[in-house]
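Input: a single structure, listed below in structure tokens.
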Amino acid sequence: MKQRKIKRKAWVIMTIMMCALFTTYVLADAFLIPKSIIIVDDDRPIDTDPKPKEPMDPIISENGYQDDNIHITIETVKENGVVFYVVDIRLSDIKYLKSAFAKDTYGKNINEVTSSIAKRHEAILAING
């Protein structure tokens with residue numbers, strides 16, 4: 001009889017340990033362990049626009065940017081105690097829209113500060129989310 005109780009306790013303890021280990025692994029996989037799915041190469045196409053013209057110097061202000069091909073305005077909105085930003089982006093051609101990933105890798109739990117990504121890719125505007 002005593003032997004049975006010891007075996008039962010051992011099985012209960014092993015089951016609880018296995019559940020705890022499995023739960024820990026699932027949570028670590030979801031939130032801690034980085035997994036890269038795709039590594040992005042920075043292959044920017046060379047602009048072969050046949051009509052050379054004198055480019056306009058960019059106009060850079062606190063709430064915007066404008067050159068021959070890109071026009072960006074940033075509006076700060078304060079509503080109900082919440083501050084958010086509305087950005088209007090107008091491009092002359094879709095080729096001026098670029099994206100970038102943290103550490104140039106698409107995947108899970110791969111982190112990098114947005115400003116570092118923007119600096120590396122010479123971004124005019126960078127947002128995360």
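How high is the relative contact order of the chain? Use alpha-carbon pairs under 8 Å, at least six apart in sequence, and give a whole percent.
23 percent
Viscosity 1.567 mPa s, temperature 4 °C: Stokes-Einstein D of segment 80-129 from its Kirkwood Cα radius, in µm² per second? Mind dumping the intermediate values first?
Values: Rh = 13.0 Å.
Here the translational diffusion coefficient equals 100 µm²/s.
Percentage of Cα-Cα pair distances in the chain greater than 20 Å, rounded to whole percent?
Result for the distance tail: 68 percent.
Calculate for the chain the 222 nm mean residue ellipticity that helices alone would give, adding -39,500 (n - 2.57) per DSSP H run of length 4 or more and normalising by residue count, nearest 500 deg cm²/dmol. Could you put the intermediate results ahead of the total?
On the way: 2 runs with 37 residues, N = 129.
So the calculated ellipticity at 222 nm is -10000 deg cm²/dmol.
For a test of understanding, tell me how many lysine pairs in the chain have Cα atoms under 15 Å apart, given they are 8 or more places apart or on different chains. Spell out each step's value before the answer.
Working: LYS35/LYS103; LYS35/LYS108; LYS98/LYS119; LYS103/LYS119.
Value for the chain: 4.
Go through LEU21, PRO55, ASN128 and say which Cα lies farthest out towards the positive end of the charge dipole of the chain; charges sit on Cβ, +1 for Lys and Arg, -1 for Asp and Glu.
LEU21
Given +1 on the Cβ of Lys and Arg, -1 on the Cβ of Asp and Glu, and no further charges, what dipole in debye does segment 39-129 carry about its Cα centre, rounded to the nearest 20?
320 debye
Using 0.36 nm per residue of separation minus the Cα-Cα distance, give me the extension gain between ALA126 and ASN80 in nm, one decimal.
Taking ALA126 through ASN80 to full extension adds about 14.0 nm, to one decimal.
Pulled fully out, how much extra length does the chain show between LYS98 and PHE22, if you take 0.36 nm times their separation in residues and subtract their Cα-Cα distance?
Taking LYS98 through PHE22 to full extension adds about 23.4 nm, to one decimal.
Could you compute the FRET efficiency for ILE110 and ASP29, with r as their C-beta to C-beta distance and R0 at 22 Å, rounded to 0.05?
In this case the efficiency is close to 0.95.
Output the relative contact order of segment 60-129, whole-number percent, from Cα pairs under 8 angstrom with separation of 6+ residues.
Numbers: 70 pairs, mean separation 13.5, N = 70.
Relative CO of segment 60-129 lands at 19 percent.
Taken together, the values in this text are just the output of simple stated rules run on the coordinates, not laboratory data. Just so it is clear, the structure is predicted and the values come from calculations on it, not from any experiment. Please note: Cβ atoms are built from the backbone with ideal geometry, for glycine as well, and neighbour counts cover all protein chains shown.
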